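Heads up: the structure comes next, in structure tokens.
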Amino acid sequence: MRKSLLLAVLLACTLPAHAGLFDKKPEDAAAEAQRTGLQAATIWVDASWGFRNQGAANALSRAHNAFAQHGYKVVSVEPYIENGDLQGFFVTYQKP
């Protein structure tokens with residue numbers, strides 16, 4: 001799991017021009033990733049608002065659906081936990 005998280009972070013760091021994907025809705029991030037020709041993209045899915053289990057699951061489903069509509073598949077979903085609390089997920093998508 002740490003290896004996948006490291007891969008996601010390194011991927012995000014190697015694409016500084018697209019760092020704005022972290023600040024966008026999944027639908028907008030997926031469209032931008034496709035428009036700019038990214039073969040892989042890592043986004044942040046926040047779990048700190050609302051119910052952590054149901055809200056996070058809905059947010060992940062929404063992100064997965066948005067990227068699937070643009071031809072991306074899920075590579076990894078890495079939770080980020082701080083002080084014992086789930087904060088969100090680093091999610092990496094890739095074109096097959």
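The values are calculated or read from the model by the stated rules, or taken from the named source; none is laboratory data. Quantities reported herein were computed from a predicted structural model and do not represent experimental measurements. Here Cβ is always computed from backbone atoms with ideal geometry, including for glycine, and neighbour counts include all displayed protein chains.
Highlighted here are the helices (runs of 4 or more DSSP H) found entirely within the chain that include at least 3 residues which are modelled with pLDDT of 90 or more and out of contact with any Lys or Arg (no Cβ under 9 Å at 6 or more places or on another chain): 26-35, 52-68. Given the structure, is Thr36 among the β-branched types (Val, Ile, Thr), under 17 Å from Leu21 (Cα atoms) and free of Cβ contacts under 8 Å to residues at least 24 places away in the same chain? Considered against the rule, which asks whether it is among the β-branched types (Val, Ile, Thr), under 17 Å from Leu21 (Cα atoms) and free of Cβ contacts under 8 Å to residues at least 24 places away in the same chain, Thr36 comes out as yes.
Screening Ala41 with (1) under 16 Å from Phe22 (Cα atoms); (2) free of Cβ contacts under 8 Å to residues at least 40 places away in the same chain; (3) not β-branched (Val, Ile, Thr) gives one miss only, at (2).
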